[in-house]
1. Kindly indicate the residue of the stretch 43-58 that is within 12 Å of the chain's Cα centre (by Cα) and not polar (S, T, N, Q) and also nearest to Met78 (Cα to Cα) among those meeting that condition.
2. Show the residue pairs meeting these rules: Cβ distance below 8 Å; 6+ apart or different chains; first residue within the stretch 94-106 and touching a residue at least 40 places away in the same chain (Cβ under 8 Å) and open to solvent by less than 70 Å² (accessible area, probe 1.4 Å); second residue of a type in the set (Asp, Glu) and not in a loop (DSSP other than H, G, I, E, B).
3. In the stretch 11-34, what count of residues is obtained for those that are hydroxyl-bearing (Ser, Thr, Tyr) and not in a loop (DSSP other than H, G, I, E, B)?
4. Take the conditions among the aromatic types (Phe, Trp, Tyr) and touching a Phe, Trp or Tyr at 6+ places or on another chain (Cβ under 8 Å) and apply them to Tyr59. Does it pass?
5. Given the structure, is Asp109 of a type in the set (Asp, Glu), farther than 18 Å from Gly15 by Cα, open to solvent by 60 Å² or more (accessible area, probe 1.4 Å) and without any contact (Cβ under 8 Å) to a residue 40 or more places away in the chain?
6. Tell me which of these Thr106 doesn't satisfy, since it passes every other one: (1) among the hydroxyl-bearing types (Ser, Thr, Tyr); (2) more than 16 Å from the chain's Cα centre (by Cα); (3) at pLDDT 95 or above.
7. Would you check which residues across the stretch 24-45 are among the aliphatic types (A, V, I, L, M) and surrounded by fewer than 15 Cβ atoms within 10 Å (Cβ to Cβ) and list them?
8. Give me the residue from the stretch 58-71 that is closer than 28 Å to Arg102 by Cβ and open to solvent by 60 Å² or more (accessible area, probe 1.4 Å) and, out of that set, modelled with the lowest pLDDT.
Amino acid sequence: QAQLVESGGGLVQAGGSLRLSCAPSQVFASVLVMGWYRQAPGKERELVATISSAGSTNYADSVKGRFTISRDAAENTMYLQMNSLKPEDTGVYYCNTKGRFRSWHTSRDYWGQGTQVTVSS
C-alpha cells in the first residue's frame, strides 16, 4: 500500500523540461513538510526541494533558478517543474511527506517508490 505515487519521469535531452507529480493515495490527516529527493547510482540520496505546510520553499543550490516545487490548492498533489535540465540531474527522484497519514498515526516520513529521470547530453 503506497501512500505516495510519483509520475512524470522520463528521458530528455539536456536543456529540456519535465514535470514530476506526487499524488497521495488519500488525503493525509496532517502534513508538515513535503519534498523531493534524488539519488544517482552509487551516490547518497540528496534533498532537491521542500515546501512546508505554510507554503515556504527551499531549494538545493544546484537547482535554484531551474526547478520549482509547488502543491495544488487542496494540498493533495505536489509537483516539481524541472527546466533547463542537465545530465547531472539524472537520478531517481523520490517524493517525501512528513506527517500523519491517519489521525491516529504518529507523524513520520512517507516515501514514494521513485521515478527515473534521465538527461542525455
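1. Ile51
2. Close Cβ pairs (under 8 Å, with a partner that is of a type in the set (Asp, Glu) and not in a loop (DSSP other than H, G, I, E, B)) amount to Tyr94/Glu6; Cys95/Glu6; Asn96/Asp109; Thr97/Asp109.
3. If we filter the stretch 11-34 for residues that are hydroxyl-bearing (Ser, Thr, Tyr), which is where we start, we get 17, 21, 25, 30.
Of the ones still in play, those that are also not in a loop (DSSP other than H, G, I, E, B) are 21, 30.
Going through the stretch 11-34 one residue at a time, the tally reaches 2.
4. Values: among the aromatic types (Phe, Trp, Tyr): yes; touching a Phe, Trp or Tyr at 6+ places or on another chain (Cβ under 8 Å): yes.
Yes: the conditions hold for Tyr59.
5. yes
6. Thr106 satisfies all of (1) among the hydroxyl-bearing types (Ser, Thr, Tyr); (2) more than 16 Å from the chain's Cα centre (by Cα); (3) at pLDDT 95 or above except (3).
7. Initially, the stretch 24-45 is screened for residues among the aliphatic types (A, V, I, L, M), giving 27, 29, 31-34, 40.
Within the stretch 24-45, Val27, Ala29, Leu32, Ala40 meet the criteria.
8. Step one: of the stretch 58-71, the residues closer than 28 Å to Arg102 by Cβ are 58, 69-71.
Checking the rest, the ones that are also open to solvent by 60 Å² or more (accessible area, probe 1.4 Å) come to 58, 71.
Values: Asn58: 98, Arg71: 93.
The extreme case among them is Arg71.
The values are calculated or read from the model by the stated rules, or taken from the named source; none is laboratory data. Predicted, not measured: the structure shown is a model, and the values here were computed from it. Note: ideal-geometry Cβ built from the backbone for every residue, glycine included; neighbour counts use all protein chains shown. Accessible surface is based on the protein model in full, side chains and every heavy atom, while ligands, DNA and RNA are left aside. Shrake-Rupley method; radii C 1.70, N 1.55, O 1.52, S 1.80 Å.
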